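> Got a structure for you, written out below as structure tokens; questions coming shortly.
Nothing in this text is a laboratory measurement; each read-out follows from the coordinates by a stated rule. Just so you know, these numbers come straight off a predicted model, no measurement behind them. Here Cβ is always computed from backbone atoms with ideal geometry, including for glycine, and neighbour counts include all displayed protein chains.
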Amino acid sequence: MLLDDALVTLNRAFGVLRRRNVPIEGLALHPSGTAGVSRLTFVLKADAATADRVAQQFHKMIGVRSVMVLANEDSTTEAKR
Amino acid sequence: MSEMLSGAEILCRALVDAGVEVIFGYPGGAIMPFYHALPDHPQLRHILVRHEQAAAHAADGYARASGRVGVCVATSGPGATNLVTGLAAAHMDNSPVVAITGQVSRPMIGRDAFQETDIIGITLPITKQNYQVQDVTELADVVAEAMAVALEGRPGPVLIDVPKDVQNQKIEWHPPQKPRHPRAGARGQSLTPGASPGSLEDGVRAAARLIKGAERPLIMAGHGVILAEAYAEVQALAEKTGIPVITTLLGISGFPDGHALHLGMPGMHGEVHVNRAIQHADVIIGIGLRFDDRVTGNTASFAPQARIIHIELDRAEIGKNVPVAVGIVGDARDVTRRLVAAVEPRRCERWLEHIRGFVRPRTEAFRGDLSPETILASIYEASHGECTIVTDVGQHQMWVAKLYRYERPNTHITSGGLGAMGFAVPAAMGVHLARPNGTVWAISGDGGFQMNMAEMATMVQEGLPVKMAVFNNGYLGMVRQWQQFFHEKRYSCTPIWSPDYVKLAAAYGIPGYRVKQASELADVVGRANAEAGPALVEFVIEQEANVYPMIPPGGSLSEPIEAEPAAAAGH
Ligand SMILES: Cc1ncc(C[n+]2csc(CCOP(=O)(O)OP(=O)(O)O)c2C)c(N)n1
């Protein structure tokens, strides 16, 4: 996801996963290339439905600009959204 | 022309610029610069509460009644933490509240300074957004943005934490710019499972097709109908199609109770015919609701035959709790208006007849004649049906939801999602300030009233003529009911002592009354209602009355408890 470069936004993103008890297998945070915007990638251990649900919760957070589910275990397409 | 202003002055100006007229708050060390600046801004009326929780609930009540942002202010540490319950209530019920908290000065933050708490961390999961202002140059923009964020899309609370040294920082003042990240608001789109998000029109067409083919359709109207002021649209949809309407706890007063197509409230304490209608429906049109577990009971057995059309502003709600056939993301008013245009006129007479067959006589038994019905009817009579009712949490809340006759939009206000006892009294103060020309009744149990009854002092000091009704059954009634049904009638810690409410009111200089018989109702309630200032009426009601019907938690809507369990009866 692309999100505002702010600790509080990062904290909220973790909160979404913690509340739903979705384990994080990996994560990476990088500058996105646009000033003030970071790119955050989570690798989650979750089925497609959970990943989708989590993505929707991320999507509605203030400070999150876009969310993509890159790959689902049981999805055939590379990029779903 | 520029001038040098302190952060505190800028904060006041930014609130004035945002159109704020009322602030509920309580001062303390870390917010003193703000309170120092406040008297220079007489446009901002400050209401001094007796507990910060009340400030947050009052701001929430103000927001729900006015549709504008409610603002509350507290100091750092204990002041800020006291706001938490009120913010959580506003969060669960989508109420636009902005909370401003003082914080220790920046160099002290993170050092466990006196009255430092990480209020940002504490409120992360119960706010839509929160900000700690790091520099005075950001302050005006942050306030403007916070006000916008609280209101836009699905409303909710926002917190602004302002370190004391930022309040004291002086800079050259420039009027606020536009919010930094104005979000586009919810753009309407349809979200059907398995398909890519289509256009709003596709969703509306699909919904209209489902409605056309339905034999047993239902409309379920939630809080979104009130937030979007979609009253006329929902009524038009019902009348064009003859589809009966169910209003959820927070949807009550979104559709007139007396309307021939109105069925009542669903869920845990919903009437039998309402829940049966859900279980028999083949199409449900859910407008602005989240299919909360108190509404659905066990979701596995919820509406087993129904295909659900879900109209909802927040796309994350669609498919979250129940599977949907057609999801339409958008404003309830806009989408419903389009749906009205797209549906063909029809009637549902046979289905209505079918539902009428489910109607049960009410089974609640009262020893005396002072039943919730008679009490609520007397409030309706005294106020000519024109008051706003704010309820607390418990049995009385369910009785009011089911038995009060709501005819006017947005006149029922309650803490639904959080179910926060102590809500009614302070929220009613906020409602009065939003609707100064109307009457507001705060209806509480003897438990919830005692949680925030200190606010009577606020009413007196600030001249807030709230009418308070206390349903005194000597118990934490709703919990006692659960103990009766599910815990072998072991009334552990639910009998609750009350002070003499008439004398208590008198100590505050508030007229207080006690009603023990229905024959006294018209006179006493009439007098309390007519008081120029606040008034309190205690209703001494049956101690062990229950709210029926009841779906046991996690149970199916098809299996209500409809009467006294045999083993537990016999008082
Ligand atoms: C702050 C808070 N604490 C506890 C509860 C749990 N609770 C729900 S209803 C209830 C009883 C309420 O009793 P009372 O205010 O007397 O109202 P009644 O049910 O008798 O009408 C309790 C304790 C709650 N909802 N909120």
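> Would you grab the residues whose amide H sits under 5 Å from the one on B:Q129? Only those 5+ places off in sequence or on another chain, please, with H modelled 1.01 Å from N.
B:L159
> What does the helix-only formula give at 222 nm for chain A: each DSSP H stretch with n ≥ 4 adding -39500 (n - 2.57), the total divided by the residues, and the result rounded to the nearest 500 deg cm²/dmol?
-10000 deg cm²/dmol
> Under the 0.36 nm per residue contour assumption, what length would be gained going from the current alpha-carbon distance of B:D202 and B:E373 to full extension?
This chain segment gains 57.0 nm when fully extended.
> In whole Hz, what ³J(HN,Hα) sequence does the range B:395-408 give by Karplus (6.51, -1.76, 1.60; θ = phi - 60°), x for Gly and Pro?
Once rounded to whole Hz, the list reads 4, 4, 4, 5, 4, 5, 4, 8, 10, 6, 9, 8, 10, 10.
> Please give the calculated 222 nm ellipticity per residue for chain B, where each DSSP H segment of at least 4 residues contributes -39500 (n - 2.57) and the sum is spread over every residue; nearest 500 deg cm²/dmol?
Rounded to the nearest 500, the figure is -10000 deg cm²/dmol.
> Please compute the net charge surrounding B:T81, taking Lys and Arg as +1 and Asp and Glu as -1 over other residues with Cβ under 13 Å from its Cβ.
Cβ neighbours under 13 Å give a net charge of -4.
> Also, I was wondering about something else. What are the residues whose amide H is under 5 Å from the amide H of B:I443, where those residues sit 5 or more places off or on another chain and H is modelled from the backbone?
B:V390, B:T391, B:D392, B:A469
> Now for a different question. Once R0 is set to 51 Å, what does the formula 1/(1 + (r/R0)^6) return for the Cβ-Cβ distance between B:A506 and B:R360, expressed as a FRET efficiency to the nearest 0.05?
0.75
> Just subtract the alpha-carbon distance of B:A522 and B:T299 from 0.36 nm times their residue separation and send over the number in nm, one decimal.
Separation in residues times 0.36 nm, less the Cα-Cα distance, equals 75.9 nm.
> Other chains' Cβ within 10 Å of A:56-67 residues: what's the mean?
Mean number of neighbouring Cβ atoms from other chains: 4.
> What whole-number volume per residue, in cubic angstrom, does the convex hull of the C-alpha atoms of the range A:2-80 give?
So the per-residue hull volume is 85 Å³.
> Given N residues in chain B, what is its alpha carbon radius of gyration divided by 2.2 N^0.38 Å?
Against the empirical 2.2 N^0.38 Å value, I get 0.99 for chain B.
> Would you please put B:536-549, B:80-93, B:499-512 in order of how densely packed they are, using the mean number of other Cβ atoms within 10 angstrom per residue and starting with the highest?
Highest mean packing first, the order is B:80-93, B:536-549, B:499-512.
> Now for a separate question. Counting only DSSP beta bridges with both residues in the protein assembly as shown, what percent are antiparallel, rounded to the nearest 5?
About 25 percent, rounded to the nearest 5.
> Let me ask you something else. Over the Cα atoms, compute the radius of gyration (one decimal) and Dmax (the largest Cα-Cα distance, rounded to a whole number) for the protein assembly as shown, in Å.
So, for the protein assembly as shown, Rg and Dmax equal 25.4, 79 Å respectively.
> Please name which of B:G258, B:A341, B:H269 has its Cα lying farthest along the dipole of chain B towards the positive end, using unit charges on Cβ (Lys, Arg +1; Asp, Glu -1) and the Cα centre as origin.
Going by the Cα projections, it comes out as B:A341.
> Next question, about the same structure. What is the range B:188-356 by shape, rounded, prolate or oblate, if you read a ≥ b ≥ c off the alpha carbon gyration tensor as root eigenvalues and call it rounded for a/c under 1.5, prolate for a/b larger than b/c, and oblate otherwise?
It comes out rounded by the Cα gyration axes.
> To the nearest 20 debye, what charge dipole does the range B:4-172 have about its Cα centre, counting +1 at the Cβ of each Lys and Arg and -1 at the Cβ of each Asp and Glu?
Dipole of the range B:4-172, to the nearest 20 debye: 360 debye.
> Next up: Kindly write out, for the range B:500-509 in residue order, the coupling ³J(HN,Hα) from the Karplus curve 6.51 cos²θ - 1.76 cosθ + 1.60 (θ = phi - 60°), rounded to whole Hz, with x marking Gly and Pro.
Result, rounded to whole Hz: 6, 5, 5, 5, 4, 4, 4, 4, 8, x.
> Now for a separate question. If I model a spin label at A:S32 and B:T137 as a point 7 Å from the Cα along the Cα→Cβ vector, what separation in nanometres do I get?
About 2.3 nm separates the two model spin labels.
> Something else now. Distance from the Cα centre of the range B:483-531 to that of the range B:452-468, in angstrom?
17 Å
> Hey, another quick one. Taking every eigenvalue of the Cα gyration tensor of the range B:9-153, multiplying by 5 and rooting it, what semi-axes result, largest first, whole Å?
Values for the range B:9-153, descending: 20, 18, 15 Å.
> If you place +1 on the Cβ of every Lys and Arg, -1 on the Cβ of every Asp and Glu, and leave all else neutral, what size is the dipole of the range B:44-129 about its Cα centre, to the nearest 20 Debye?
I would put it at about 280 debye.
> In the range B:438-558, what percentage of the DSSP-assigned beta bridges are antiparallel, given to the nearest 5?
If we restrict to bridges inside the range B:438-558, about 5 percent are antiparallel.
> Treat every Asp and Glu Cβ in the protein assembly as shown as -1 and every Lys and Arg Cβ as +1, leave all other atoms uncharged, and give the resulting dipole magnitude about the Cα centre to the nearest 20 debye.
With only Lys, Arg, Asp and Glu charged at Cβ, the dipole is about 1100 debye.
> Once you order the gyration tensor axes a ≥ b ≥ c over the Cα atoms, which shape class does the range B:466-571 get: rounded for a/c under 1.5, otherwise prolate or oblate by comparing a/b with b/c?
prolate
> Also: Would you give the gap between the C-alpha center of the range B:222-288 and the C-alpha center of the range B:410-425, rounded to a whole Å?
Distance between centres, Cα-based: 20 Å.
> Is there a simple number for the mean count of other chain Cβ atoms within 10 Å of the Cβ of residues in B:308-318, and what is it?
Mean partner shielding for this stretch: 2.
> Also, quick follow-up: Starting at the first residue of the range B:521-538, write each ³J(HN,Hα) from the Karplus equation 6.51 cos²θ - 1.76 cosθ + 1.60 with θ = phi - 60°, in whole Hz, x for Gly and Pro.
3J(HN,Hα) across the range B:521-538, in whole Hz: 4, 4, 5, 5, 5, x, 5, 4, 4, 7, 3, 6, x, x, 8, 10, 10, 9.
> So if each residue of separation counts as 0.36 nm, and I subtract the Cα-Cα distance between B:E488 and B:D118, what length gain in nm does that give?
128.9 nm
> Taking +1 at the Cβ of each Lys and Arg and -1 at the Cβ of each Asp and Glu, which of B:G28, B:A54, B:L15 sits farthest along the dipole of the range B:1-72 towards its positive end, judged by Cα position relative to the Cα centre?
Among B:G28, B:A54, B:L15, the one farthest towards the positive end of the dipole of the range B:1-72 is B:A54.
> A further question follows. Rounded to the nearest 5, what is the percent of antiparallel bridges among the DSSP beta bridges in chain B?
Taking every DSSP beta bridge within chain B, about 10 percent pair in antiparallel fashion.
> Percent relative contact order of chain B, based on C-alpha pairs within less than 8 angstrom and at least six residues apart?
14 percent
> Whose amide H sits under 5 Å from the amide H of A:R65, counting only residues 5 or more places off or on another chain, with H placed in the peptide plane?
Answer set, sorted by chain and number: A:L2, A:L3, A:D4.
> Cut-off under 26 Å on the C-alpha distance; same-chain residues fewer than 8 positions from A:K60 excluded. Which lysines are left, in chain and number order?
A:K60 reaches A:K45, A:K80, B:K128, B:K178, B:K320.
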